[in-house]
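For reference, the structure is listed below as structure tokens.
Every number here is computed from the coordinates shown, using simple stated rules; none is lab data. All values derive from a computational prediction rather than experimental measurement. Cβ placement follows ideal geometry from the backbone for every residue including glycine, while neighbour counts extend to all protein chains displayed.
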Amino acid sequence: MDSKKISLIWAISLCTIGTATIILAVGNLTGIEQADHMVRICGTVDLVSLPVFAFSTVKKAKNRK
């Protein structure tokens with residue numbers, strides 16, 4: 001794959017993981033009652049983004065050498 005595509009995938013997955021984590025953390029810290037479906041969607045997005053992030057990180061590391 002092209003290194004620009006890998007960098008784009010890496011950045012998108014990093015932002016997605018960060019956004020989902022911030023949404024869940026702010027809700028837990030402030031004590032706001034979050035809807036069950038929102039928590040499940042954020043958790044699922046987080047779980048899907050993690051392998052994509054790991055894959056793109058490995059590809060970036062291999063391209064660096």
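Quick one: helix 36-64 against the long Cα principal axis of the chain, what's the angle to the nearest 10°, folded into 0 to 90? It is inclined by approximately 20 degrees. Shown here: Rg/Rh (Cα atoms, Kirkwood Rh), derived from the displayed model; of the candidates (i) 1.26; (ii) 1.13; (iii) 0.91, it corresponds to (ii). Helix 3-30 and the long axis of the chain differ in direction by around 20°, with both axes built from C-alpha atoms.
Over the residues of the chain, the helix contribution to mean residue ellipticity at 222 nm works out to -31500 deg cm²/dmol, using -39500 (n - 2.57) for each DSSP H run of at least 4. Model label sites at HIS37 and MET1, defined 7 Å from Cα along the beta-carbon direction, differ in position by 3.1 nm.
Taking the Cα of ASN28, stepping 7 Å toward and past its beta carbon, and measuring to each backbone N in region 35-65: which are under 12 Å? Once the point is set 7 Å along Cα→Cβ of ASN28, 43 turn out to lie under 12 Å by backbone N, inside region 35-65.
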